[in-house]
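The values are calculated or read from the model by the stated rules, or taken from the named source; none is laboratory data. This structure is a prediction, so every number in the text was calculated from the model and none was measured. Glycine gets a Cβ as well: all are built from the backbone with ideal geometry, and neighbour counts include every protein chain shown.
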Amino acid sequence: MNSAKNIKFWCALLRTPKIGCTTFNQLLLKITPEELFHLSNKDLRRLGLHPLSIKALQNPDWVNVKKDLNWLSQDNHHLIKITDSQYPPLLKEITYPPPLLFINGNPASLLKPQLAIVGSRNPSITGLETAHEFANSLSKLGFTITSGLALGIDGASHEGALHAQKETIAIMGTGLDRIYPARHHSLALKIATLGALVSEFPIGTPAKAHHFPQRNRIISGLCSGILVIEATHRSGSLITAQLALEQNREVFAIPGSIRNPLAQGCNALIQEGAKLTTHCQDILDEFNIQPNFEENIPHQRTSPSLTMTQNTILETVQFSPTLIDALVKHTHHPTDLILSTLLQLEILGLISSENGFYTRIK
């Protein structure tokens, strides 16, 4: 068991300037954190450390370390060191594994088979529903869903798993005492209750832009595979997908229309070798998993009985955003009839509307 004294030195080293995870892990091969803080200036220089690091090691920031220790003294708050047996073995394999993981929730969640679901922070309604449905179904099939707590696809994925009463893991780019984005505070509390919030950053660390690409390596590193749902060609999700490829993880992507900017990233991933995914079974096949029950798989619902006009218009609406002009052109129906029928189809839950575009859901 970790003693408070032992943990104190690990936390102090984590807060030492100019010591990132690479230097931290290299030092662990030579010396323990506690021993390091008792070395002379001369011995510290022999280790090749930066002058700012040496100064901090000889004058540790115990005030801020106390914040870490106070946080860890609370219920359900944990710290896993890279030398601990509870440290996730898949994560230890990556190029830059975090030396410490702060956890709010159940540490055992990190040892279970995980699949990451990531995507746009500004997705379409269809994208949100797809993320929720895939997360819900895959969690029922035994995958722990891991994502980044961001707005959009991340949040919908966490919610999909929670809706199935299954655990989910959120990897954060802040200290665990700071929930970002703030509007996901209640979602974060639910995740911590049923799964785990995880961060490599010490308590009190604010949200900074470079933290989020940095934490992406943990999202992919914990998982056997990653599913990308809606991503522009500049989406941060593509960074996570690239990291997954470098870590020899499976990459899955849901395709979309060549005219849809939110599909550009996913389509590019598929061109580069990601598995085209339209169904949970595509993911199960890749891992050679056979479900022993019929799960709620996206796009496998029975549509309600429709009139001829409703059916004609539904067949014309695409699974990517469709303009009313395109529906008029293809159906030759009057605009007012199309609009009233679209409203009927939306009430039936078969399509969604957003900013003048209509998207088929089922």
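Quick notes on this one:
- Residues of region 75-88 satisfying the condition of being of a type in the set (V, I, T) and part of a loop (DSSP other than H, G, I, E, B): I82, T83
- Residues that are modelled with pLDDT of 85 or more and surrounded by fewer than 13 Cβ atoms within 10 Å (Cβ to Cβ) within region 295-319 comprise T307, M308, E315, listed in sequence order.
- Among the residues of region 160-187, just one is in a helix (DSSP H, G or I), touching a helix residue (DSSP H, G or I) at 6+ places or on another chain (Cβ under 9 Å) and closer than 21 Å to Q214 by Cα, namely H184.
- Subset of region 89-142 [part of a strand (DSSP E or B) and either of a type outside the set (S, T, N, Q) or within 19 Å of G265 (Cβ to Cβ) (or both)]: L100, L101, F102, I103, G105, L115, A116, I117, V118, G119
- Candidates L187, L176: the one that is hydrophobic (A, V, I, L, M, F, W, C) and touching a residue at least 60 places away in the same chain (Cβ under 8 Å) is L176.
- Any chance Y87 is in contact (Cβ under 8 Å) with a residue 24 or more places away in the chain and of a type in the set (F, W, Y): no
- Test: G105 is surrounded by 21 or more Cβ atoms within 10 Å (Cβ to Cβ) and over 30 Å from R15 (Cα atoms): no
- Scope region 260-294; condition farther than 18 Å from I361 by Cα and either at pLDDT below 90 or in a loop (DSSP other than H, G, I, E, B) (or both); matching residues: E272, G273, A274, F287, N288, I289, Q290, P291, N292, F293, E294
- For region 45-100, the candidate set comprises residues that are polar (S, T, N, Q) and touching a strand residue (DSSP E or B) at 6+ places or on another chain (Cβ under 7 Å); within that set, the residue that is modelled with the lowest pLDDT is Q86.
- Of all residues making up region 154-185, the number that are touching a Ser or Thr at 6+ places or on another chain (Cβ under 6 Å), closer than 16 Å to G119 by Cβ and not small (G, A, S): 2
- Flag if S157 is over 11 Å from the mean Cα position of the chain (by Cα), of a type in the set (S, T, N, Q) and assigned to a helix (DSSP H, G or I): no
- Those residues of region 24-73 which are within 16 Å of L100 (Cα to Cα), β-branched (V, I, T) and not in a loop (DSSP other than H, G, I, E, B), in sequence order: V65
- The listed residues are L115, L110, and the only one of them that is under 18 Å from the mean Cα position of the chain (by Cα), modelled with pLDDT of 95 or more and either closer than 30 Å to P33 by Cα or not hydrophobic (A, V, I, L, M, F, W, C) (or both) turns out to be L110.
- L151 closer than 29 Å to K81 by Cα, surrounded by fewer than 24 Cβ atoms within 10 Å (Cβ to Cβ) and in contact with a Lys or Arg (Cβ under 6 Å, 6 or more places away or on another chain): no
- Restricting the first member to region 242-262 and to residues that are over 18 Å from Q114 (Cα atoms), and the second to residues that are surrounded by fewer than 15 Cβ atoms within 10 Å (Cβ to Cβ), the beta-carbon pairs closer than 7 Å and six or more apart or on different chains are I254/T278; P255/L276.
- If you go through region 157-168 and keep only what is aliphatic (A, V, I, L, M) and surrounded by fewer than 24 Cβ atoms within 10 Å (Cβ to Cβ), you end up with L162, A164.
- Residues that are out of contact with any strand residue (DSSP E or B) (no Cβ under 7 Å at 6 or more places or on another chain), of a type in the set (A, V, I, L, M, F, W, C), touching a residue at least 24 places away in the same chain (Cβ under 8 Å) and surrounded by fewer than 14 Cβ atoms within 10 Å (Cβ to Cβ), drawn from region 320-362: L337
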